[in-house]
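Report on one structure; see the data block that follows.
The values are calculated or read from the model by the stated rules, or taken from the named source; none is laboratory data. If you're wondering where the values come from, they're calculated on a predicted model, not measured in any experiment. Glycine gets a Cβ as well: all are built from the backbone with ideal geometry, and neighbour counts include every protein chain shown. What goes into the accessible areas is simple: the full protein's heavy atoms, side chains included, and nothing from ligands, DNA or RNA. Shrake-Rupley method; radii C 1.70, N 1.55, O 1.52, S 1.80 Å.
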Amino acid sequence: MSQQVTLTIDGHQVTVPAGTTVLQAAETLGIEIPHLCYHPALTPPAVCRLCVVEWEGARTLVPACVAQVRDGAVVRTHSERVLRARRTILELLHSAVDLSEAPDALAYGQALGVDPQRFADGERRHFPVYEDNPFYVRDYAKCVLCWRCVEACGDDMQFTYALSLGERGFHTHIATFFDAPMPETTCVFCGNCVGVCPTGALKSLEEHLLEQGIPPEHLSAEKRRRPPLEGNRE
Amino acid sequence: MTASADRPTWQAIPGYEAHLLRRVGQVDPTSLADYEAHGGYRALRAALEMTPAEIIEMVKASGLVGRGGAAFPTGIKWESAARQPVTPRYVVCNADESEPGTFKDRVLMEGDPFAIVEAMTIAAYAVGAEQGYIYVRGEFRAAYERLANAVAAAREAGYLGKRVLGSDFSFDIELRRGAGAYVCGEETALFESIEGKRGMPRQKPPFPTERGLFGRPTVINNVETFANVPHIVLNGPDWFRRIGPPDAPGPKLFCVSGAVERPGVYEGPMSVTLRQLVEVCGGMRPGRKIQAVLVGGAAGTFVPAEHLDTPVSFEALRAIGASLGSGAVLVVDDSVDMLEVVERITRFFAHESCGKCYPCQLGTQRQWEIVRRWQAGHHRPDDAERLQDIAHAMREASICGLGQTAASALMSVLPRMVTRFEGGNHVSASDADH
Amino acid sequence: MTPSQDEAVADILVRWQPYGRAGLLPCLIDVQNHLGWLPPDVCAQVGEVLGVPLADVYGVATFYSRLYTQPVGRRIVRVCDDVACLANGSPALLEACRTALGLAPGETSPDGLVTLEVHPCLGHCEHAPCLMVNDQVFGRLDAAAAERLARAVRAGEAPPK
Ligand SMILES: Cc1cc2nc3c(=O)[nH]c(=O)nc-3n(C[C@H](O)[C@H](O)[C@H](O)COP(=O)(O)O)c2cc1C
Ligand code: SF4
Ligand code: SF4
Ligand code: FES
Ligand code: FES
């Protein structure tokens, strides 16, 4: 039997198995902690920091998606210190990325009273929409850099490693080898990346074409006009 | 290095004996024999006569804390790695020294490279490590070559390799170079870099002593931290504790730069004050007044002139909201526009953020943009509040120390910056009246 | 690549192959020291020999500011304009270099000889204001000295000591 741990979250005592994350423990109490990069099927990269909580005695806030419960811990998930950080992170995100198709991020923002225009005077991340293969499109102006696609393409699902991160800081972006079009990479078009993307940055070509107003009956003709897969390096 | 070094740019503070800098400039840094003639490798021989636990006890008793910025007790770090049941274990020397205003590690590596190699060997013996790495900042070519030469000579002479000095203990060292990323000085980013990955910090815990380089227990220390170790082994913890104030024992290197007459690395106890450090450097250049001192580099804070009599001990600085960090004491005079200085600092963080976590990836960029807009003469009434919110998010929610400190220098002068805007949309060209 | 460069690169790959992924950064540094930058075909070789996914080779190569995935000058002049150098007149140094090289920061001369960069603290602040030409540091420069230095670099001469 696994060891049990008792801690206090927002004033409520809760007993859960050791190894449980604060995010999961809070869930058992019905307390929802916002999370953007976390995905149950993937290694938590702990990059978005929306899930940060106050942990009594800790110098800084801690990310609930990876912080494991400890006996006697006292955690606050919605203190002003926490909310101020979450609000600012979302406002910063709005200022750089098109979140119009990121329902979770939008809902969190609403709940937190986020002002999407707060940092609107800053530089946005611009990218062309890559329509370079017959299966999906990549619109990185909508990408929040949650790393999910990279992980799904790599160690967590497909072991194909077509994707990585390029450059750094504000200019970090999802990259292929020298930004090559997908058909020239190791991509096998499994679609796992599209499946885990939370923002609409990756979507199937079909969905994209429908959004562009292509009538359903013209879809297959339109798809055939995309670059074929020749030259796919193995 | 062909900089016009017409006089040494390192020395002990007058009235104080040099320990860390003792051999620098005196010993031939390329010669093992000369190092031995200057007392080199006596400490390792002494250490091999002790048990690893005894050495760890000594380092703990000395009160030595890390000189890389975080001031973590070195003995406790070693003990925690030594206790791990897992092998192999690693000893890593953090020689990435990239904090603006910091150059002490470089001076040690160039001037006394064997001391670092000897100290790492002692650390490896104490924690049971067989492999070490020195990660040297890419710009430090001379330091890299001196260290490479020292490692090769030590190996040749049996100070490194299988069965060091005929004992049962084996240890060797490899060198690695950085390639232009300040964040790789952060210990877990440094591991990632050695492992062939992007130098992005890891979420802690687990801490390096538990899962560090290649996922193994690892002791990582700063160059200067290591340089203290042979002295502690030879002279004992009590000797160490007699130097400096009780809460900050041992010798310390200060990197004094900026508008002083004789910038350089100065060794002294942590009871010295900022004013004394400026005076030791021959004071300000003629006709210049101190505007502020940036203590701790870009990750530090500006200490205004009225606090110059603060000792540089960790505790005394903490009391005025500052931190010695890496030991940078950067003197800004009244001829420099503070806004320019702040622009450099915010640009630095925007340039060096690894981009992993959102608060820093986005916050460092926005912070820099706002400061640049000020330079162009435009401000918004809500700038201060927005910057404070960014600072809060970065300090509280970032993964690593880079984001956590990226706003501290700016925040320490924010009230002054804001005063400049009052009464108009224009930022005055000079802050000299302050 | 000339045949001798080809050989040099092959030697570098052989040297780092046993390290696998842990050889990636030192291998890229060595390759760049030979070729001046990291061309895609060589990066692909590096990835194949060390067993690193090509996307990750690119991710690493673009992470470090001293690694170049596009051609740069054979000589890189890096002028420090960080705080200690700023307090010692670095703007005049930068101006002198711009003028003498005829380049804005980030630009490479059309003949591929020189690149000018503005750089954060070079870690030689006791010699401020300073700059580097490739791996060599020049400190305590005034604008005139910086200009002489930059002219020599532009002319392909050995930098004056
Ligand atoms: C952004 C960042 C950069 C750092 N750079 C360095 C560095 O260049 N050298 C160093 O010794 N420590 C640096 N550190 C601190 C290290 O993470 C670590 O605390 C240190 O190497 C531990 O050694 P010490 O205990 O001997 O100080 C840096 C930390 C951060 C967050
Ligand atoms: S493309 Fe989608 S899944 Fe990939 S990092 Fe961006 S938002 Fe995340
Ligand atoms: S705080 Fe900045 S440098 Fe550190 S992990 Fe986050 S993005 Fe990277
Ligand atoms: S969900 Fe925890 S950091 Fe993103
Ligand atoms: S500020 Fe120029 S070398 Fe440090």
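Selection of region A:161-176 for residues being at the interface with chain B (Cβ under 7 Å from one of its Cβ atoms) and open to solvent by 20 Å² or more (accessible area, probe 1.4 Å) yields only A:Arg168.
Specify which of the listed residues (B:Gln404, B:Gln361, B:Gln365) is away from ligand 4 (no atom under 16 Å from the Cβ), at the interface with another protein chain (Cβ under 7 Å from one of its Cβ atoms), at pLDDT 95 or above and part of a helix (DSSP H, G or I).
Only one candidate passes the filter, namely B:Gln365.
Using the structure shown, decide if B:Glu139 is within 15 Å of ligand 1 (Cβ to nearest atom) and within 14 Å of another protein chain (Cβ to nearest Cβ). Can you show your working first?
Values: within 15 Å of ligand 1 (Cβ to nearest atom): yes; within 14 Å of another protein chain (Cβ to nearest Cβ): yes.
So B:Glu139 passes the test.
Scanning region B:392-407 for residues that are touching a Gly at 6+ places or on another chain (Cβ under 9 Å) and open to solvent by 20 Å² or more (accessible area, probe 1.4 Å) yields a total of 3. Scanning region A:188-227 for residues that are closer than 28 Å to C:Pro40 by Cβ, touching a Phe, Trp or Tyr at 6+ places or on another chain (Cβ under 9 Å) and within 16 Å of ligand 2 (Cβ to nearest atom) turns up A:Phe189, A:Gly191, A:Cys193, A:Val194, A:Ala201, A:Leu202, A:Leu205.
For region C:128-155, a tally of residues being in a helix (DSSP H, G or I), within 27 Å of B:Val329 (Cβ to Cβ) and open to solvent by less than 10 Å² (accessible area, probe 1.4 Å) returns 1.
Does region B:6-24 contain any residue that is assigned to a helix (DSSP H, G or I) and either within 23 Å of B:Val136 (Cβ to Cβ) or not charged (D, E, K, R) (or both)? Even if it seems obvious, please write down each step before you answer.
We begin by selecting, within region B:6-24, every residue assigned to a helix (DSSP H, G or I); these are none.
Scanning region B:6-24 turns up no residue that is assigned to a helix (DSSP H, G or I) and either within 23 Å of B:Val136 (Cβ to Cβ) or not charged (D, E, K, R) (or both).
Quick check on region C:6-17. Is at least one of its residues among the small types (Gly, Ala, Ser), over 26 Å from C:Ala158 (Cα atoms) and away from every other protein chain (no Cβ under 14 Å)? Step through it out loud before you land on a result.
We begin by selecting, within region C:6-17, every residue among the small types (Gly, Ala, Ser); these are C:8, C:10.
If we keep only those that are over 26 Å from C:Ala158 (Cα atoms) too, we end up with C:10.
When the remaining residues are screened for being away from every other protein chain (no Cβ under 14 Å), the result is C:10.
Yes, region C:6-17 has at least one match.
When residues in region B:292-318 are screened for being hydroxyl-bearing (Ser, Thr, Tyr) and assigned to a loop (DSSP other than H, G, I, E, B), 2 of them pass. Within region C:83-91, not a single residue is away from chain B (no Cβ under 14 Å) and touching a strand residue (DSSP E or B) at 6+ places or on another chain (Cβ under 8 Å).
Could you tell me whether any residue of region A:105-123 is within 14 Å of chain C (Cβ to nearest Cβ) and of a type in the set (D, E, K, R)? If you could, list the steps in order and put the result at the bottom.
Step one: list which residues in region A:105-123 are within 14 Å of chain C (Cβ to nearest Cβ), which gives none.
Within region A:105-123, none of the residues are within 14 Å of chain C (Cβ to nearest Cβ) and of a type in the set (D, E, K, R).
Candidates A:Val114, A:Val129, A:Val75: the one that is within 16 Å of ligand 4 (Cβ to nearest atom) and not basic (Lys, Arg) is A:Val75.
Only one residue in A:Arg70, A:Arg59 is more than 23 Å from A:Thr172 (Cβ to Cβ) and within 16 Å of ligand 1 (Cβ to nearest atom), so which one is that? Working first, answer last.
Details: A:Arg70 fails: within 16 Å of ligand 1 (Cβ to nearest atom).
It is A:Arg59.
So which of C:Gly106, C:Gly47, C:Gly73, C:Gly102 ends up being closer than 21 Å to A:Leu165 by Cα and modelled with pLDDT of 95 or more? Even if it seems obvious, please write down each step before you answer.
Working: C:Gly106 fails: closer than 21 Å to A:Leu165 by Cα; C:Gly73 fails: closer than 21 Å to A:Leu165 by Cα; C:Gly102 fails: closer than 21 Å to A:Leu165 by Cα.
Unique residue meeting the criteria: C:Gly47.
Taken together, the residues in region A:138-151 that are within 13 Å of chain B (Cβ to nearest Cβ), out of contact with any Pro (no Cβ under 7 Å at 6 or more places or on another chain) and of a type outside the set (Val, Ile, Thr) amount to 2.
Just one residue in the set B:Arg106, B:Arg45 is within 16 Å of ligand 5 (Cβ to nearest atom), under 19 Å from B:Val151 (Cβ atoms) and not in a loop (DSSP other than H, G, I, E, B); that residue is B:Arg106. Restricting attention to region B:368-391, the residues that are open to solvent by 10 Å² or more (accessible area, probe 1.4 Å) and either in a helix (DSSP H, G or I) or more than 8 Å from every other protein chain (Cβ to nearest Cβ) (or both) add up to 14. Note on region B:293-321: residues that are over 21 Å from the mean Cα position of the chain (by Cα) and either surrounded by 14 or more Cβ atoms within 10 Å (Cβ to Cβ) or assigned by TED's automatic domain parsing to the domain that holds B:Gly68 (or both) total 4. If you go through region A:155-176 and pick out every residue that is more than 21 Å from A:Arg226 (Cα to Cα) and not in a loop (DSSP other than H, G, I, E, B), you end up with 8.
Counting only strands (runs of 3 or more DSSP E) that sit completely within region A:1-107, those holding 1 or more residues that are farther than 22 Å from B:Leu387 by Cα, touching a residue at least 60 places away in the same chain (Cβ under 8 Å) and open to solvent by 30 Å² or more (accessible area, probe 1.4 Å) correspond to A:4-9, A:74-76.
Taking the listed residues B:Glu352, B:Glu340, the one that is open to solvent by 20 Å² or more (accessible area, probe 1.4 Å) and among the charged types (D, E, K, R) is B:Glu340, with no other qualifying.
Take the conditions (1) over 17 Å from the mean Cα position of the chain (by Cα); (2) within 30 Å of B:Val342 (Cα to Cα); (3) not polar (S, T, N, Q); B:Glu79 misses just one of them, which is (2). Residues in region B:86-106 that are open to solvent by 10 Å² or more (accessible area, probe 1.4 Å) and at pLDDT 95 or above: B:Pro88, B:Arg89, B:Tyr90, B:Asn94, B:Glu97, B:Ser98, B:Glu99.
Please indicate, with yes or no, whether at least one residue in region C:96-114 is within 8 Å of chain B (Cβ to nearest Cβ) and not aromatic (Phe, Trp, Tyr).
The initial filter retains those residues of region C:96-114 that are within 8 Å of chain B (Cβ to nearest Cβ), namely none.
No, region C:96-114 contains no residue that is within 8 Å of chain B (Cβ to nearest Cβ) and not aromatic (Phe, Trp, Tyr).
Could you check, for region A:86-93, whether at least one of its residues is closer than 30 Å to A:Ser2 by Cα, more than 16 Å from ligand 5 (Cβ to nearest atom) and in the same structural domain as A:Ile31 (by TED's automatic domain parsing)? Talk me through it step by step, then tell me what you get.
The first filter runs over region A:86-93 and keeps only residues closer than 30 Å to A:Ser2 by Cα, leaving none.
The answer is no; no qualifying residue exists.
The criterion of at least 2 residues that are away from ligand 5 (no atom under 16 Å from the Cβ) and touching a residue at least 12 places away in the same chain (Cβ under 8 Å) is met by the following strands (runs of 3 or more DSSP E) wholly inside region B:166-284: B:172-177, B:218-222, B:264-268. Which of the residues that make up region A:13-71 are among the β-branched types (Val, Ile, Thr), away from ligand 2 (no atom under 16 Å from the Cβ) and within 21 Å of A:Val150 (Cβ to Cβ)? Within region A:13-71, A:Val66 is the sole residue that qualifies. Within the option set A:Phe127, A:Phe189, A:Phe135, being within 22 Å of B:Cys354 (Cβ to Cβ), open to solvent by 10 Å² or more (accessible area, probe 1.4 Å) and away from chain B (no Cβ under 13 Å) holds for one residue only, A:Phe127.
I'd like to check something: does region B:197-208 contain any residue that is at the interface with chain C (Cβ under 10 Å from one of its Cβ atoms) and either away from ligand 1 (no atom under 16 Å from the Cβ) or open to solvent by less than 10 Å² (accessible area, probe 1.4 Å) (or both)? Step through it out loud before you land on a result.
Applying the first criterion (at the interface with chain C (Cβ under 10 Å from one of its Cβ atoms)) to region B:197-208 yields B:197-200.
Pick out the ones that are also either away from ligand 1 (no atom under 16 Å from the Cβ) or open to solvent by less than 10 Å² (accessible area, probe 1.4 Å) (or both) and you get B:197, B:199.
Yes; the residues of region B:197-208 include at least one that is at the interface with chain C (Cβ under 10 Å from one of its Cβ atoms) and either away from ligand 1 (no atom under 16 Å from the Cβ) or open to solvent by less than 10 Å² (accessible area, probe 1.4 Å) (or both).
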